[in-house]
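The block underneath contains the structure these notes are about, expressed in structure tokens.
Here, each number is a calculation from the coordinates, and none is a lab measurement. Keep in mind the model is a prediction, meaning the values are calculated, not measured.
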């Protein structure tokens, strides 16, 4: 039994909502990793008192106020920190400067900027429109609310960011989606955490969401283990014929990636899920699958590596969002899978993987592209040398120790 660390997505959402609440909140089981530390430091830069005794974090809420900032808010490569805080600042009275890593400067924000300006917020990009570095906020009165339209948003984080901003407006906000919304469960997760802090945000149809202005209530919030992180541990059992049980991530999980076990079951693994846990047992035989991961793109790399060990091809569809993460994960995965002899067909938003008849008999060096998910997924591929394994610090600092504890994989 292995319990992964707390969910990054839940930790950062809870941190930001606790900062907006009236009073002191306590987060239990919070993830201690690069992205969440960046979130804590960003809040401190914005004047919020945060005491981090990981995995417990105490946040002294500002009653909806953020800033003025003591310095530039540095977001690193943390998309949630960049997009969520830019949205919150854009509709507030204090102008805040945001910047991030070279890769974060390349990640898209234009649609979010357009939406914030359309609502009456203020955003000024310094170099390239819709990209960091930028300044957000500095308006006398909060915008009145209204309806905003997102056309084919490249990330569900745009919607979540606007929902958070909606809490600071004068009137209700409606967000309409035209086209596809990748990773929709993350928006549902945002709504659930907003509700947990006493706010109101919800889906109002298949392609629309709403939020209302609210004074948030402080609370003690228990963070679930990270379902994306759990995918690697469960996949190890499916690939190598062992048994892994992950407590805290089951049918009742708020996280869409908790359903990855269903993918493993469809490929031939034995799966038992309760409301609060997931158990996977390898059967020694996996078969390829054709599936859409539109709702859980973060597990696409895990599935791609499982596909190396399956009989027959695997096709992963509807994951174009992966081109805009810490790396272009579709291109990176295709490159690394070919090192193992796989025949890989790369589409704009898909991968088709035909596994080799046999894996290489020598150690395969794997490049990670400074991407934590590449490192964790490809550590399961076989006899590998993972280059830059330290990049897992972004979301799962103890990953290799937990993987070694399973006794199934030789850990780099």
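Counting DSSP beta bridges with both partners in the stretch 227-404, what percentage is antiparallel, nearest 5? List each step's numbers first, then the result.
Numbers: 17 of 24 bridges.
If I count the DSSP bridges inside the stretch 227-404, around 70 percent turn out antiparallel.
Compute the long axis of helix 110-119 from its Cα atoms, compare it with the longest principal axis of the Cα atoms of the chain, and write down the angle in degrees, 0 to 90, nearest 10. Approximately 30 degrees, to the nearest ten.
What does the C-alpha gyration tensor say about the overall shape of the stretch 313-394? Classify as rounded when a/c is under 1.5, otherwise prolate if a/b is larger than b/c, or oblate. Oblate is the answer for the stretch 313-394, as a/c is 1.5 or above yet b/c matches or exceeds a/b.
In the chain, what % of DSSP beta bridges are antiparallel (nearest 5)? Each step should come with its number before you reach the end.
Numbers: 41 of 59 bridges.
So the antiparallel bridges in the chain amount to around 70 percent.
In angstrom, the C-alpha Rg and Dmax of the stretch 1-91 are 12.4, 45. Using C-alpha pairs under 8 Å with a sequence gap of at least 6, the mean separation divided by the residue count of the stretch 227-404 gives a relative contact order of 17 percent. Take the alpha-carbon centre of the stretch 158-179, take the same for the stretch 334-412, and report the distance between them in whole Å. Answer, in whole Å: 37. GNM remark for the chain: springs join alpha carbons under 10 Å apart, and the peak mean-square fluctuation among 249, 113, 386 falls on 386. Counting only alpha carbon atoms, the long axis of helix 227-240 and the longest principal axis of the chain meet at about 0°. The stretch 222-245 and the stretch 48-91 have their alpha-carbon centroids 30 Å apart.
Rounded, prolate or oblate, given the Cα gyration tensor of the stretch 8-211, with a/c below 1.5 counting as rounded?
Values: a/c = 1.34, a/b = 1.17, b/c = 1.14.
Cα axes put the stretch 8-211 in the rounded bin.
Dividing the summed -39500 (n - 2.57) terms of all DSSP H runs of n ≥ 4 by the residue count of the chain sets its mean residue ellipticity at 222 nm at -9500 deg cm²/dmol. Here the alpha carbons of the stretch 347-409 define both size measures, Rg and Dmax, at 13.1, 37 Å. For the stretch 8-211, the share of DSSP beta bridges that are antiparallel, to the nearest 5, is 75%.
From the coordinates of this entry, percent of Cα pairs over 33 Å apart is computed, and it appears in [x] 30; [y] 45; [z] 52 under the label [x].
Taking max minus min of the alpha-carbon positions on each principal axis, the stretch 227-404 gives extents of 38, 33, 31 Å, largest first.
Judged by the gyration tensor of its Cα atoms, with axes a ≥ b ≥ c, the stretch 124-214 is oblate; a/c meets the 1.5 cut and b/c is at least as large as a/b.
Considering only 375, 208, 30, the Gaussian network model of the chain with Cα springs below 10 Å gives its largest mean-square fluctuation to 208.
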